[in-house]
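The values are calculated or read from the model by the stated rules, or taken from the named source; none is laboratory data. Just so it is clear, the model here is predicted, and its values are computed rather than measured. Heads up, the Cβs are rebuilt from the backbone with ideal geometry, glycines too, and the neighbour counts pull from every protein chain shown.
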Amino acid sequence: MISYDHALPPDRCWSLTTLLADRLPASPLFRWIVLLSACALASFLLQWLHIPAGALIGPMAVSVVFGVTVGGLKLPRVLFKSGQGVIGLLIAQAMTLTVLSTIAESWPAMMLATVVTLVLSTVVGILLVRYGGLPGTTAAWGTTPGAAAAMVAMAEQANADPRIVATMQYVRVICVIMAGALVSHFLGISESDHTTAHGMTWDINGLLSLVVALALIAAGISICDRLLPAGALLGPMLLGTVVQVSGFIDIQLPLPLLEAAYACIGIYVGLRFDRQTVRSVMHAFKWMLMASMMLIGFCALSALMLVPMMHSDFLTLYLATSPGGLDSMTIIALDTHADVAIVAALQALRLFTVVLIGPSMARFIARFAREPSPCSH
């Protein structure tokens, strides 16, 4: 019998997954080969079908299934942060003086959109702690719409259960990504062309641009990772924006690098789900799913109301207000030709706001929890 760090005693519910885990060789290298091959195949198929963010969704879906049925693997966090850094620099490519001036002119509407999203998430959090059978503080952090990794870290500092918070955050991330892809598809915006990536040239200027891009990613992560929430993403984005606006060099990123970044983010999120985590929250999983879908629906309605105020299209504002995270929403925005700058600006504004008021929000939501709590672990 092969044992794992998070293995559970076999029973009826997990007999199939235990069997699958036991049948695969224990070698981590072999399991990584199986996982990466399946991720590459899923990514290729979804992109071939013109599914928005297929290079993210495919690896993420495969990794969720792999983590729950087989397990035993964890993507190094440095790769996840590197993937975020690439996406941050990709956002910087869209930041021009014209775009920045447009964002500056729209700041009242952006603040309103941020407040609306936070109010809606508070309402959903109150309903979840009241009727979902989860501990108050834990459920409060789980429903807070910020960068998932940052929210998990802050929740742990507040003595909430990080496993449940992580599951709630990443369940919502997956729901938002899937819903965003579906919305984009039904709106008829399903053709993906990474214009900036295809514009990569392999002459001396292109190679110099790539070297500068990699240096910006490394510098942004090393400087901002410990200073800012989601600093691995925001650091390269801020440094890249300065370079892009200054006209010092035209930042170019090759398509294989982008797809590797998408895959790192998807695999990291997917492998957060394992048998132990899923089993520990199984009793409340339906409430987590319902809360995620409810918040997505509310945010979609708020986006619809913001269309005339911000003079933008519905898809852009839907992605900007969706509680899915800056990195994943940017990937979908790029694949669907939405306004990347507005999406990034609104998501970043909400992230900083949540970091500032998150603890107060969590304490407020926790007041509505029923006592005694049905779930204490």
Requested in this report: Filter segment 89-108 for residues that are surrounded by 13 or more Cβ atoms within 10 Å (Cβ to Cβ) and at pLDDT below 85 and give the result.
Outcome: LEU90, ILE91, ALA92, GLN93, ALA94, MET95, THR96, VAL99, LEU100, THR102, ILE103, SER106
Query - The one condition in (1) more than 24 Å from LYS74 (Cβ to Cβ); (2) surrounded by fewer than 19 Cβ atoms within 10 Å (Cβ to Cβ) that LEU306 fails to fulfil - result: (2)
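So that you can scan it fast, the table gives a plain yes or no per residue for (1) modelled with pLDDT of 75 or more; (2) crowded, with 18+ Cβ neighbours inside 10 Å; (3) among the hydrophobic types (A, V, I, L, M, F, W, C); (4) at positive phi:
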| position | (1), (2), (3), (4) |
| --- | --- |
| PHE314 | yes, no, yes, no |
| THR321 | yes, yes, no, no |
| GLY325 | no, yes, no, yes |
| ALA333 | yes, yes, yes, no |
| HIS337 | yes, no, no, yes |
| ILE342 | yes, yes, yes, no |
| LEU351 | yes, yes, yes, no |
| ALA366 | yes, yes, yes, no |
**Report entry** Tabulated pairs, segment 329-346, first in contact (Cβ under 8 Å) with a residue 40 or more places away in the chain, second assigned to a loop (DSSP other than H, G, I, E, B) and surrounded by 24 or more Cβ atoms within 10 Å (Cβ to Cβ), C-beta under 7 angstrom, 6+ apart or interchain
**Finding:** MET329/SER322; ILE331/ALA53; ILE332/PRO52; ILE332/ALA53; ASP335/PRO52; ASP335/ALA53; THR336/PRO52
Report task. Would you please list the contacts, defined by Cβ atoms under 9 Å and residues six or more apart or on different chains, that run from a residue in segment 75-87 that is among the β-branched types (Val, Ile, Thr) to a residue that is outside any helix (DSSP H, G or I) and at pLDDT below 90? Result -> VAL86/LEU253
Report summary line: Expected single match for among the acidic types (Asp, Glu) and in contact (Cβ under 8 Å) with a residue 60 or more places away in the chain among ASP274, ASP250 is ASP274
Query raised in the report: Just checking, how many residues over segment 72-109 are among the polar types (S, T, N, Q) and more than 19 Å from ALA53 (Cα to Cα)?
Result: 5
Query - Members of segment 226-247 that are in a helix (DSSP H, G or I) and more than 24 Å from the chain's Cα centre (by Cα) - result: VAL242, VAL243, GLN244, VAL245, SER246
